Amino acid sequence: MHRCLLSSRLVLRGVMRVLPSRSASDMLQDRLRLKFFTSISAPPIPSLSSTSVHKHEKSQAGSSEQKDPGADRKLVDTLGKLVRESVYFHADNSGILYLLAKRLPTLDLPLLSAVLHLCSRSTGLRIALGPHFGTLTRRLSEFDAGMLTEYASACASTANDQNFHIFKAIGERLQPLLVDLTFEQLVRLNEAFAVIGYKHQPLIMKLETYFMEHPQWLNASDLRSFLRVMSSFQLSHMPVLVAAGDRFGSLASTCSPEDISSILQYLKTLRVPSNQAFVKRVERVCAKKVPLCTAEQLSSLMFGTSMWVDSFPSLPALAATRLCELRDRFTLELLGPLCHAYAKLVCREPLVIACVETQVASILETPQDLNDKSVAALIDILFFFVVFDRRNVSAWNRILSALSTWKGDVKSRQHVLLTSIDRYLTLEGSDLNLSLPLQLKQQFLRSTNKEIRRSVSCNTFADALSRLNYNAESNYDCGHNLIVHFAFPAQKLVVELLGPDLYIKSRSTPVGKKVVEYRQLERDGWKVLKVLADQWTVSRSRIRQQQFITALLKPHGIHPETMASQPTKDVANQAAGATTVPADSTADRVPQGIDSNTS
């Protein structure tokens with residue numbers, strides 16, 4: 001019937017085309033007749049609103065997902081491809097991320113494990129999916145040790161309330177699984193907990209127990225990871241740290257220069273005690289590796305060994321020779337740590353100075369895209385010039401011009417160096433006619449701390465000065481942001497106590513930072529008396545302390561009887577919190593040879 005109606009409609013249309021012109025009423029009748037036949041031949045098209053269209057598409061998508069059991073697998077595979085191609089996850093990928101976040105709570109365990117592994121590898125993906133990880137806490141009972149490790153690594157992005165609750169739930173789930181954890185899982189879990197700032201004691205104790213029971217199973221990379229965890233939590237369990245130092249001593253010959261540098265930094269940060277045999281063994285290993293180092297390895301190795309001040313005296317000369325061989329391969333980021341090491345050790349190697357100046361001029365001939373590392377390197381190079389009083393105007397101009405383009409912040413460690421550089425340009429570099437960029441100067445001026453951290457030896461020295469009625473000013477500002485331990489302003493005299501990390505024992509001279517400060521104090525008319533902490537701590541009795549201080553100050557015309565009868569308020573406050581330092585039992589004499597010369 002429909003065919004007949006359709007054919008009649010077509011015939012009618014053809015007839016209407018060949019008919020001569022007719023009246024308006026006839027044409028209207030023909031139009032109504034055509035509309036009638038058309039309505040009979042085809043069913044009406046339904047009117048669909050936008051809401052109904054959306055519901056229809058959604059139902060179609062849902063039915064297709066149900067019909068295709070591999071949809072989740074395809075989604076995870078696509079995500080893995082994007083991660084391997086280092087795609088940056090932002091709004092352009094919102095479709096994939098939206099679908100994944102929606103399906104995250106219902107994914108099969110193998111697929112969920114793959115997603116968590118991808119999140120632990122990609123920072124962008126971890127940040128994008130981070131707000132949705134809280135929905136997985138109700139599935140923690142299904143997770144094994146491996147999935148818990150991946151989940152913790154994926155959630156370790158920022159420390160906030162949501163992540164703290166997630167890690168609290170992870171810690172509870174870990175209780176029955178601690179026995180099954182491998183060393184790698186223990187390290188990764190502790191590192192994730194350290195990012196959040198959550199110290200999970202059972203997990204830490206399990207890691208330490210594993211290390212103490214099987215130290216011989218750890219290679220250099222494992223030891224480095226273990227010490228990184230200990231450093232993150234600032235754990236000072238001395239038996240564990242001593243065992244770690246012994247293990248490093250036996251592994252040193254098999255370690256790469258990067259591993260040696262990192263392990264030495266962690267051991268120094270954790271204040272692991274060392275003996276002469278340990279130091280000599282490490283120095284021999286490093287001396288063999290320096291001639292074979294690449295530029296990256298040499299920079300890393302020198303930075304790590306410099307933290308031990310003068311424990312490895314033969315390395316700077318060896319590194320200088322290797323630096324000259326590799327000079328063309330050094331970038332700003334590699335020159336910075338190297339300059340920091342030589343400046344700290346005050347090793348004036350002409351070859352190193354010449355290479356640094358030449359390489360800086362070569363690198364900065366073209367404009368540089370600065371980042372945090374390159375800015376820190378430029379500041380280290382400037383401080384290197386300050387320590388060795390290098391007045392190469394061309395190099396200074398190039399570096400300061402590059403720093404003037406930097407609009408970001410610098411790390412707090414660099415503020416101390418910037419302060420010394422600014423004082424150098426003010427007090428000593430008048431012929432350079434240069435100054436630091438304003439934005440950098442404002443940063444370190446805001447962060448300048450008028451209170452310097454006092455050691456135990458410094459507190460006992462303050463106590464002795466107060467008891468003997470020496471009217472010394474504590475934490476005194478000598479101008480230009482130079483804060484000293486003790487000062488006698490009337491006599492323009494400064495007394496500084498140098499801890500073991502602030503002076504080089506073999507030469508009895510301060511490290512680079514203190515060398516610059518004392519040189520600038522002397523330029524400003526102050527006399528500096530430098531007291532080594534080892535010299536003061538052997539004065540265990542009050543009589544010996546009095547003899548020590550009298551021998552120190554009397555040659556400079558300072559006597560207790562000419563001072564006020566009461567100590568200053570500042571010194572009295574320090575004395576109230578002083579702690580007595582145990583003396584060396586082998587020392588039975590008043591220390592001599594107090595250094596009062598400039599470096």
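The values are calculated or read from the model by the stated rules, or taken from the named source; none is laboratory data. Predicted, not measured: the structure shown is a model, and the values here were computed from it. Counting neighbours? That spans all protein chains shown, and the Cβs are built from the backbone with ideal geometry, glycine included. Note: accessible area is taken over every heavy atom of the protein model, side chains too, but ligands, DNA and RNA are not part of it. Shrake-Rupley method; radii C 1.70, N 1.55, O 1.52, S 1.80 Å.
With respect to the conditions (1) open to solvent by 70 Å² or more (accessible area, probe 1.4 Å); (2) more than 27 Å from THR269 (Cα to Cα); (3) among the small types (Gly, Ala, Ser), SER362 lacks only one, and its number is (1). Taking the criterion of being open to solvent by less than 20 Å² (accessible area, probe 1.4 Å) and part of a helix (DSSP H, G or I), the residues of the stretch 209-230 that qualify are PHE211, ALA220, LEU223, PHE226, LEU227, VAL229, MET230.
How many residues are of a type in the set (Gly, Ala, Ser), modelled with pLDDT under 85, part of a loop (DSSP other than H, G, I, E, B) and open to solvent by 20 Å² or more (accessible area, probe 1.4 Å) when one looks only at the stretch 419-458? Spell out how you get there, then give the answer.
So the first thing to find is which residues in the stretch 419-458 are of a type in the set (Gly, Ala, Ser), and the list is 420, 429-430, 435, 447, 455, 457.
In the following step, the residues that additionally are modelled with pLDDT under 85 were identified as 429-430, 447, 455, 457.
When the remaining residues are screened for being part of a loop (DSSP other than H, G, I, E, B), the result is 429-430, 455.
So of that shortlist, the ones also open to solvent by 20 Å² or more (accessible area, probe 1.4 Å) come out as 430, 455.
The number of residues fulfilling the criteria is 2.
Specify the residue that is most open to solvent (accessible area, probe 1.4 Å); the eligible residues are those in the stretch 375-407 that are part of a loop (DSSP other than H, G, I, E, B) and in contact (Cβ under 8 Å) with a residue 40 or more places away in the chain. If you could, list the steps in order and put the result at the bottom.
Initial filter on the stretch 375-407 (part of a loop (DSSP other than H, G, I, E, B)): 388-392, 405-407.
Filter again for in contact (Cβ under 8 Å) with a residue 40 or more places away in the chain, leaving 388, 391.
Numbers: PHE388: 6, ARG391: 75 Å².
So the residue we want is ARG391.
For VAL516, the requirement of being within 27 Å of PHE388 (Cβ to Cβ) and either hydroxyl-bearing (Ser, Thr, Tyr) or in a strand (DSSP E or B) (or both) is not met.
Taken over the stretch 464-513, the criterion of being of a type in the set (A, V, I, L, M, F, W, C), crowded, with 22+ Cβ neighbours inside 10 Å and not in a strand (DSSP E or B) is satisfied by LEU465, ALA472.
Go through the stretch 106-201 and tell me which helices (runs of 4 or more DSSP H), entirely inside it, have 1 or more residues that are under 29 Å from GLY70 (Cβ atoms) and without any contact (Cβ under 8 Å) to a residue 24 or more places away in the chain. Quick ask: steps written out before the conclusion?
Numbers: elements: 109-121, 123-129, 145-155, 161-174, 183-196.
Helices (runs of 4 or more DSSP H) meeting the threshold: 109-121.
Of all residues in the stretch 267-301, those satisfying the criterion of being open to solvent by 50 Å² or more (accessible area, probe 1.4 Å) and under 19 Å from the mean Cα position of the chain (by Cα) are LYS268, THR269, GLU296.
Just to be sure I understand, how many residues within the stretch 523-556 are over 11 Å from LEU482 (Cβ atoms) and touching a strand residue (DSSP E or B) at 6+ places or on another chain (Cβ under 7 Å)?
Keep residues of the stretch 523-556 that are over 11 Å from LEU482 (Cβ atoms), which gives 525, 527, 529-556.
With the extra rule that they be touching a strand residue (DSSP E or B) at 6+ places or on another chain (Cβ under 7 Å), the set shrinks to 527, 529-533, 536, 552, 556.
Matching residues across the stretch 523-556 total 9.
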